[in-house]
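Data first, discussion second: the structure below is written as structure tokens.
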Amino acid sequence: MLETKTLDFTVGEFATNPDRFAGVSISEMVRHWSETIPDETAFVTPESRVSWKQYDAAADAIASALDLAGEGYGHVAVLLPDTAVFHAALCAAFRTGRVAVGIGSRSGIREISHLIARSEASVLVTTRTLRGVDTAELVASLRAEHPGLDVVFADERADVSFERVSANGELTSLPVEPKQFPATSPCFVTSAVSMLNSTSGTTGLPKLVTQTEDRWVGFSEIAAEAAAIGSDEVFLGAVPAPFGFGLWTSHFLPALLGARNVVMERFDVSVMIELIERERVTALNCVSTQFKMLLRSEAAESADLSSLRFMFTGGEAVPYSEALAFEQRTGAAVLQFYGSNETGAVSVTTVSDDSDTRLKTCGHVIDRMQVRVFDDAAKEMTGSVRRGQPGVNGPLMCQGYWGDTDANDELYTDDGWMLLGDIVEIDETGRVRVV
């Protein structure tokens, strides 16, 4: 068994002393905040608030249901809305030694079934309704394709049930008796693969990207420095939670800081604007399409958005004119990372960058990441200005695709550098532009 750590972090300390958090999981941070600031708010939705104590209790309740799936350790597919229950399920998987398989809430049946099969998940955690639709038909279809699939139904208020189909086809519901779990499992260290998520924005069936706690804590440290994050930030995450952008902005960074995080089950620009004003959000996390919708919304014309201090965006090339308009309208700095779910971050813009660097480039190459640039013949480019396909190495990288040798052969160079699919130019000052 792992020894139980005694944590003594204070709210916001991660921003000033991140080295102290090395080797600490998000599950442990949730337990820590539930014991030190139990009644403070961890998540806000348009209709509800979830405290750190409730967040921790939901994680334990889901863990108790996962415990009914039998002894041993397997993978658990997580198909939940982008609210507190998704984050509680990730903590529950960690506490029971199971690798979580994050599935986007908008995924179709073919994609969900493929991810369950590819990951060999034996349990599905979902909810009775998803994006306003009853999930009974979806669950029945998945059970038909995966007869041994156990199902846990959960919500962030720790209302959890467990169902299993027996060998003769009878559906059995087992009572879930919530108990408190250790915040970390003896099977996991933060450098181990604890989550898989699917590639996004690709054609065909998705691949599974390996995720560790360490890589996203490291990512969060760079983000905190880039945005000069303080101890009283309020986050709003408008991006899907299971993917890289959603993981560090909603699952990792707020929990490391002990900060409030505003989330929505379904994106609605008017609701987002209302929440920014109501909750005095300081840190907005959204893709370019979403902040462009904000700029064009009538609701934004009269809304008080003065609380915003910075916005992290990405998912596509950030449009200069709209980014400039956002800064002028709100006074918030527009920031971005360049990278991918697989590579992590390659470059970042910061609040201290000049306007041209911040809005017309992808920022400077991150010091702790090594970047090479290859031409069409896979020859490394040299010189003060380099243009070609980037390959990276460093601590923010994933550990490759899960169970997919052919895809890994395409992802890596022969000497182990991870490739991106873009053509970039890196100038003499180390600034990156996607060309």
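Would you mind stating whether Ala407 is farther than 13 Å from Ala345 by Cα, touching a residue at least 12 places away in the same chain (Cβ under 8 Å) and assigned to a helix (DSSP H, G or I)?
Working: farther than 13 Å from Ala345 by Cα: yes; touching a residue at least 12 places away in the same chain (Cβ under 8 Å): yes; assigned to a helix (DSSP H, G or I): yes.
Answer is yes for this residue.
Condition check for Ala255 on (1) within 27 Å of Leu130 (Cα to Cα); (2) without any contact (Cβ under 8 Å) to a residue 60 or more places away in the chain; (3) of a type outside the set (Phe, Trp, Tyr): one failure, at (2).
Evaluated against (1) more than 22 Å from Phe94 (Cβ to Cβ); (2) of a type in the set (S, T, N, Q); (3) part of a helix (DSSP H, G or I), Ser220 falls short on exactly one condition, (1). Does the stretch 256-270 hold any residues that are surrounded by 24 or more Cβ atoms within 10 Å (Cβ to Cβ) and either hydroxyl-bearing (Ser, Thr, Tyr) or assigned to a loop (DSSP other than H, G, I, E, B) (or both), and which are they? Passing the criteria: only Ala259.
Restricted to strands (runs of 3 or more DSSP E) entirely inside the stretch 18-79, those with at least 3 residues that are at pLDDT 95 or above and closer than 16 Å to Arg260 by Cβ are 41-44, 49-51.
A residue that is of a type in the set (S, T, N, Q), modelled with pLDDT of 95 or more and crowded, with 24+ Cβ neighbours inside 10 Å can be found somewhere in the stretch 119-139.
Looking across the stretch 147-160, the residues that are modelled with pLDDT under 95 and either of a type outside the set (D, E, K, R) or touching a His at 6+ places or on another chain (Cβ under 8 Å) (or both) come down to Pro147, Gly148, Leu149, Ala158. Residue-level check: of (1) at pLDDT below 95; (2) within 30 Å of Ala325 (Cβ to Cβ); (3) touching a Ser or Thr at 6+ places or on another chain (Cβ under 8 Å); (4) aliphatic (A, V, I, L, M), Ile366 misses just (1). When you scan the stretch 131-146, do you find a residue that is touching a residue at least 40 places away in the same chain (Cβ under 8 Å) and part of a strand (DSSP E or B), even just one? No; the residues of the stretch 131-146 include none that is touching a residue at least 40 places away in the same chain (Cβ under 8 Å) and part of a strand (DSSP E or B). Among all positions in the stretch 228-239, there is no residue which is of a type outside the set (Val, Ile, Thr), more than 26 Å from Glu265 (Cβ to Cβ), over 11 Å from the mean Cα position of the chain (by Cα) and crowded, with 23+ Cβ neighbours inside 10 Å.
The values are calculated or read from the model by the stated rules, or taken from the named source; none is laboratory data. Bear in mind the structure is a predicted one, so any value in this text is a computation, not a measurement. Quick reminder, even Gly has a Cβ in these numbers, built from the backbone with ideal geometry, and neighbours come from all protein chains shown.
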